[in-house]
Amino acid sequence: MPSDRIVERRRVFLQYKEDVKDRGKPFFPYAMFHDTVMSLVVVCVIIGLAVVWRYTSLLGKLYDLPADPGTINFVPRPDWYFYFLFYLLRVFKWPNTVILGTIGIPTICLILLLMLPFYDVRPERHPLRRPVAMVAGVLVIISMGVLTYKGATAREALGSELKALVPSWAKKQGFENNPKAIAGANLFAVVGCANCHQYLGIGGGFAGAPNLSAEGAKGKGIDFQIRHLECPSCVNPGSPMPSFQDLGPERLSELAAFLEASKGGK
C-alpha cells in the first residue's frame, strides 16, 4: 500500500499532465526550442563582445606589457569569482582546517544544491511559504557576497611595507654588517616570499611552507640554498614551491646569503 506522500505525488503529476494537455505546452519541443534560441543569443553576445574587444578599445586593451619572468614586485591574486575562496584561506589556517574551508564546505554546499530536487519535493513554490529555503538561500548569498568583498579588499603584505622591516631583521639576526644578506632581505621582502613563508612573525605560513626565521641555523650552505631556489622540486621532491631561477644568479646568491644569515634572532 503506497504512502499518502506517494499518492499525493502521483495525483499532482497526473493533474500536471492533464493541465498540459488541456491548456499548456509540453517541454519538448517548445521549452527546448526556447532554451536553444536563448543559448544561441548568449553565444552571439559573447562573440560580439569578443569582436568589440579585439578591434576596439571600448572593453580594454587587447595586449598588455610583455610578461617579465624576473619581476620582483608582483602580488598574485585570483579572479574575482574566486575571491570568496581566497578569503577562506585567511579564515581557515593551514594545515589543520584549510581543507575543510576550501574543499569541505564548498563541496557540501554544492551537494546540497544538486540534491535539492530530490529532498524538496513539495509542490509549493511561493517564496513566502518556504521560509527555511528562503532563509538558507539568502544566508548563502550574503555569505558569498561578504567573503567576495573581503577577498577583493584584502591587503597583502606589500614589498614596500616589508622592506621597512629589513633593518630590524638585520639587527635581530645579526647581519647588519653583511651587505649581501641585507640585499637578499630586501629581495625576500618584495618577491613575495612572505606570501607563503613566515619570517620573524611576519608572513603567511601558507600550504605548509616552513618558517625561515632560523633557516641559517640548519647549516645547509649557500650552494644548497641557490640550488633549492633554482629548482625546489629537484632538491625537495614534491615541493609545491615555484622556481625562482629567473631572478638570476646574482639575486639568488643574495637571497641565499640572507637565508644562511638568518639564525633565529638574538
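In region 14-24, how many residues are surrounded by 11 or more Cβ atoms within 10 Å (Cβ to Cβ) and either modelled with pLDDT under 80 or within 13 Å of Pro123 (Cα to Cα) (or both)?
So the count comes out to 4.
Working carefully through the options Ala257, Ala189, find the one that is surrounded by 14 or more Cβ atoms within 10 Å (Cβ to Cβ), closer than 24 Å to Val91 by Cα and touching a Lys or Arg at 6+ places or on another chain (Cβ under 6 Å). Break it down stepwise before answering.
On the way: Ala257 fails: closer than 24 Å to Val91 by Cα.
Just one listed residue meets the conditions, Ala189.
Can you work out which of the residues in region 208-242 that are in a helix (DSSP H, G or I) and small (Gly, Ala, Ser) is surrounded by the most Cβ atoms within 10 Å (Cβ to Cβ)? Explain how you work it out, then say what you get.
Step one: list which residues in region 208-242 are in a helix (DSSP H, G or I), which gives 215-218, 222-230, 232-235.
Applying the additional criterion that residues be small (Gly, Ala, Ser) yields 216-217, 233.
On the way: Gly216: 22, Ala217: 11, Ser233: 13.
Among them, the one singled out is Gly216.
Is it the case that Ser3 is at pLDDT 80 or above and among the polar types (S, T, N, Q)?
Details: at pLDDT 80 or above: no; among the polar types (S, T, N, Q): yes.
No.
Among Ile105, Ile99, Ile141, Ile111, which is the only one that is without any contact (Cβ under 8 Å) to a residue 60 or more places away in the chain and within 30 Å of Arg5 (Cα to Cα)? Break it down stepwise before answering.
On the way: Ile105 fails: within 30 Å of Arg5 (Cα to Cα); Ile99 fails: within 30 Å of Arg5 (Cα to Cα); Ile141 fails: within 30 Å of Arg5 (Cα to Cα).
Of the residues listed, the single one that is without any contact (Cβ under 8 Å) to a residue 60 or more places away in the chain and within 30 Å of Arg5 (Cα to Cα) is Ile111.
The values are calculated or read from the model by the stated rules, or taken from the named source; none is laboratory data. Everything numeric here is computed off the predicted structure, so don't read it as measured data. For neighbour counting, all protein chains shown are included, and Cβ atoms are generated from backbone atoms with ideal geometry for every residue, glycine included.
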